[in-house]
1. Would you calculate the volume per residue, in Å³, of the smallest convex hull containing every Cα atom of the stretch 52-183?
2. In percent, what relative contact order does the stretch 106-157 have, based on Cα pairs under 8 Å that are 6 or more apart in sequence?
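Just so you know, all these numbers are worked out from the coordinates, no wet-lab data involved. All values derive from a computational prediction rather than experimental measurement.
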Amino acid sequence: MSCSDTLSPACGCAAAAVNAPRRRIIRIAAAGFAAPLALVTRPAAAVVAGDRLVEEDAEGAPAPLRVSDLKPGKPLLAYPFDPKRGARRDETRLNKIVLIRLPEAEMTPETRARSAGGVLAYSAICTHQGCDVKTWLAKEKALVCFCHSSKFALLDGGTVVGGPASRALPAVALALDGDQLVLAGAFSAPPGGSAA
Ligand code: FES
C-alpha cells in the first residue's frame, strides 16, 4: 500500500495531507482574531511641523498644496506630506485634514493666529463617531458631518454648534512657504471619534 492510495494515519504523507487543511483552518481563524485586534489598536495620528499637504487622493509624486489651490469656502481633504521622503507622513486615516479658505476678518483672534493666507486646517475626522467631515454650510458658517449632523464652527476654533459631538474638531496651525501650505505644529488634541 502506498501513500498515494490511502489516508491511513499510519502513512506520513497521508497525515500531512490531512493536517494541511487543519493548518489552513488554524491560520484563517488566527487571521480572523487578528483583524479586530488591529482595529482596537488603531495607530496614532502622526503630524509633524514642517510637513506639506497633498490632496487626499493624490498619487505618485504630488505637488504640495498652495493657497491658490483652495477655492474660498470649498473644503478640501488632504494628508500631511513628508518633504524629505517625498511621501505621505503616515497612512493612518486619523491624519486626514480638512482645509478651508475663509475670510480672515470673520475668524476669532485665536483662530486667525492658526491660519495662513486665510486657510484653516482641522482634523477631518468627526469627534462623534469618526465619519469624514467635509461639507461647509455657508449660511450657518459651520462644517457639518452628515452621519449624525454634528456641526463645527471653524471660524471659532472648531467648536461644536450642533449635533451629538461633544468636543471641538482638533486644529492644526498653518504657515506659508511662499504660497505653499506648511503645517506649523501637531493637532491641538487627539483626532478621532469617541467610538471610531
Ligand atoms: S459621526 Fe459625525 S455626527 Fe456622528
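1. 97 Å³
2. 33 percent
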